[in-house]
1. Once phi is turned into ³J(HN,Hα) by the Karplus curve 6.51 cos²θ - 1.76 cosθ + 1.60 with θ = phi - 60°, what whole-Hz value does each residue of region 49-62 show in order, with x for glycine and proline?
2. Using per-residue counts of other Cβ atoms within 10 Å, averaged over each peptide, order 86-99, 39-52 from highest down.
3. If each DSSP helix of 4+ residues adds -39,500 (n - 2.57) and the sum is divided by the residues in the chain, what number results at 222 nm, nearest 500 deg cm²/dmol?
4. Dipole size in debye (nearest 20) for region 1-71 around its Cα centre, Lys and Arg Cβ +1, Asp and Glu Cβ -1?
5. Over the chain, with every protein chain in place, what whole percent of the accessible area is carbon and sulfur at 1.4 Å, could you tell me?
6. What FRET efficiency, computed as 1/(1 + (r/R0)^6) with R0 = 45 Å and r the Cβ-Cβ distance, is obtained for Phe181 and Asn8, rounded to the nearest 0.05?
7. Find the relative contact order for the chain and round it to a whole percent, using C-alpha pairs within less than 8 Å whose residues are 6+ positions apart.
8. Could you state the accessible area per residue of the chain in Å², with a 1.4 Å probe and every protein chain left in place?
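The values are calculated or read from the model by the stated rules, or taken from the named source; none is laboratory data. Bear in mind that the values here come from a model prediction, so they are computed numbers and not experimental data. Every residue, glycine among them, receives a Cβ derived from its backbone with ideal geometry; neighbour counts consider all protein chains shown. Each accessible area value is taken on the protein alone, full model and side chains, heavy atoms only, with ligands, DNA and RNA left out. Shrake-Rupley method; radii C 1.70, N 1.55, O 1.52, S 1.80 Å.
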Amino acid sequence: MGKTRFLNPGLIVRTALDMGDREGGADAMTMRRIAGELGCDPMALYRHFSNRDALLDAVADLALSEVQDPDAELPWDQRIAATAAAFRAAAVQHPGITAHLAARPPLGEHGRRLAAGMLDALVAAGLPPAAAVRSFQTLVAHLAASLAMAVQAGTRDHRWGQVRDMVNALPGADAAGDDLFVVGGEEQFRFGLRLLLAGIRAEAAAAATGERGAVDSRSPASPAPL
């Protein structure tokens with residue numbers, strides 16, 4: 001073990017993020033390996049972070065510090081699309097923390113900043129409060145699923161061919177299996193995001209005209225019809 005450096009949370013978090021980038025996965029960021037990189041006893045890390053999840057939460061927030069807020073003058077849907085795409089790009093760029101970001105909502109400083117911006121955009125879309133919160137939750141779920149799949153993203157391999165053949169054999173498919181996305185890819189993420197934004201526009205339009213389809217903040221137990 002090398003010479004112990006003066007430890008502080010910032011040094012620990014940066015070291016962990018760099019290790020994950022260099023070694024390409026969450027397995028690199030164990031408390032023991034981080035401590036070895038820093039030249040200290042693993043127990044020294046617990047004086048700054050209560051457990052590994054707390055440390056990885058801080059690492060995730062450092063990765064998200066790279067995500068810039070979109071221009072506030074942009075239309076609401078462009079702001080959401082830009083934030084979501086930049087969030088995903090930052091997470092995928094740091095493979096050591098991608099899976100953690102997929103599994104746990106980022107609640108640190110930068111996670112809260114990005115969440116506030118997205119909620120502001122959803123309110124600007126004309127959604128009632130309950131619909132804005134639920135739309136935000138749904139967008140986060142799409143991001144999380146995209147990141148979870150991105151960890152294992154592959155190519156049009158043998159398994160992809162099997163799924164394509166299954167889809168092609170379905171009644172009415174008309175050889176649509178050839179249009180399947182590569183699971184976990186950016187193209188799949190952006191297509192899903194477009195679908196979600198279209199649904200949010202429809203929900204906002206329903207709210208503007210007082211239709212029943214819009215989620216009303218006064219009746220949170222009543223979901224919009226599918």
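1. Going residue by residue, I get 9, 5, 7, 5, 4, 5, 5, 5, 4, 5, 5, 4, 5, 5 Hz, with x marking Gly and Pro.
2. Final packing ranking: 86-99, 39-52.
3. Taking each H run of at least 4 residues, the total per residue is -20000 deg cm²/dmol.
4. It works out to roughly 600 debye.
5. 56 percent
6. E(calc), rounded to 0.05, equals 0.55.
7. The normalised contact order for the chain reaches 17 percent.
8. Accessible area per residue, the chain: 56 Å².
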